[in-house]
1. Quickly run through segment 77-101 and pick out the residues that are in contact (Cβ under 8 Å) with a residue 40 or more places away in the chain and of a type in the set (Val, Ile, Thr).
2. Given the criteria at pLDDT below 95, buried (at least 16 other Cβ atoms within 10 Å of the Cβ) and within 18 Å of the chain's Cα centre (by Cα), does ARG58 qualify?
3. Run down PHE26, PHE21, PHE39 and say which single residue is free of Cβ contacts under 8 Å to residues at least 24 places away in the same chain, assigned to a helix (DSSP H, G or I), surrounded by 11 or more Cβ atoms within 10 Å (Cβ to Cβ) and among the aromatic types (Phe, Trp, Tyr).
4. Please find, among GLU74, GLU67, GLU50, the residue that is surrounded by 11 or more Cβ atoms within 10 Å (Cβ to Cβ), free of Cβ contacts under 8 Å to residues at least 60 places away in the same chain and under 25 Å from PHE107 (Cα atoms).
5. Which one is surrounded by the most Cβ atoms within 10 Å (Cβ to Cβ) among residues in segment 1-18 that are part of a helix (DSSP H, G or I) and among the charged types (D, E, K, R)?
6. Looking at ARG95, ARG81 in this structure, which one is over 11 Å from the mean Cα position of the chain (by Cα), at pLDDT 95 or above, in a strand (DSSP E or B) and not aromatic (Phe, Trp, Tyr)?
7. Can you find a residue that is in a helix (DSSP H, G or I) and touching an Asp or Glu at 6+ places or on another chain (Cβ under 9 Å) anywhere in segment 100-110?
Amino acid sequence: MKGVPRWRVVAAIAVLAGMVFLLGVFAPYYLRNLELQNFVSGITRRGENEAKSDDLLRTWVIDKAHELGVPVKEDNVQVVRSPEGMRIDVRYVVRVSLPWYTVDLHFYPGAGSR
């Protein structure tokens, strides 16, 4: 039985290295988005926050986003109130430039109370 050709081993290592590189580049953006999502969800879960003003809630979200290094502006945060409860939606884009490619990552963290 013959072994695996050397070029296949090299190709497999190159593919794995590329995947690890991309994971290292993109993972921080997704982890920060997850942390922002958890923060927004926490705001909507606490009943006492329904009495707070939209501007105050928006400011909390923007401050947390800036603390995380997430490019959220005031017009990216929408606070929607209805008889069923409150919903906070955040929409933002992060541009990631790689040496050979530029990609825009679109994030939509949001949460609502019921």
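The values are calculated or read from the model by the stated rules, or taken from the named source; none is laboratory data. Everything quoted here is computed from the prediction, not taken from an experiment. Cβ: placed from backbone, ideal geometry, glycine included. Neighbour counts: every protein chain shown.
1. As a first pass, look at segment 77-101 and keep what is in contact (Cβ under 8 Å) with a residue 40 or more places away in the chain: 85-88, 90, 94, 96, 98.
Across segment 77-101, the qualifying residues are ILE88, VAL90, VAL94, VAL96.
2. Numbers: at pLDDT below 95: no; buried (at least 16 other Cβ atoms within 10 Å of the Cβ): yes; within 18 Å of the chain's Cα centre (by Cα): yes.
No; evaluated as a whole, the condition is false for this residue.
3. Unique residue meeting the criteria: PHE21.
4. On the way: GLU74 fails: surrounded by 11 or more Cβ atoms within 10 Å (Cβ to Cβ); GLU50 fails: free of Cβ contacts under 8 Å to residues at least 60 places away in the same chain.
Result of the check over GLU74, GLU67, GLU50: GLU67.
5. Looking only at segment 1-18, we keep the residues that are part of a helix (DSSP H, G or I), and these are 6-18.
Now narrow it down to the ones that are among the charged types (D, E, K, R): 6, 8.
Details: ARG6: 8, ARG8: 10.
So, considering only residues that are part of a helix (DSSP H, G or I) and among the charged types (D, E, K, R), the one surrounded by the most Cβ atoms within 10 Å (Cβ to Cβ) is ARG8.
6. Numbers: ARG81 fails: at pLDDT 95 or above.
Exactly one of ARG95, ARG81 is over 11 Å from the mean Cα position of the chain (by Cα), at pLDDT 95 or above, in a strand (DSSP E or B) and not aromatic (Phe, Trp, Tyr), namely ARG95.
7. So in segment 100-110, the residues in a helix (DSSP H, G or I) come out as none.
Checked against the condition, which is being in a helix (DSSP H, G or I) and touching an Asp or Glu at 6+ places or on another chain (Cβ under 9 Å), segment 100-110 yields no hits at all.
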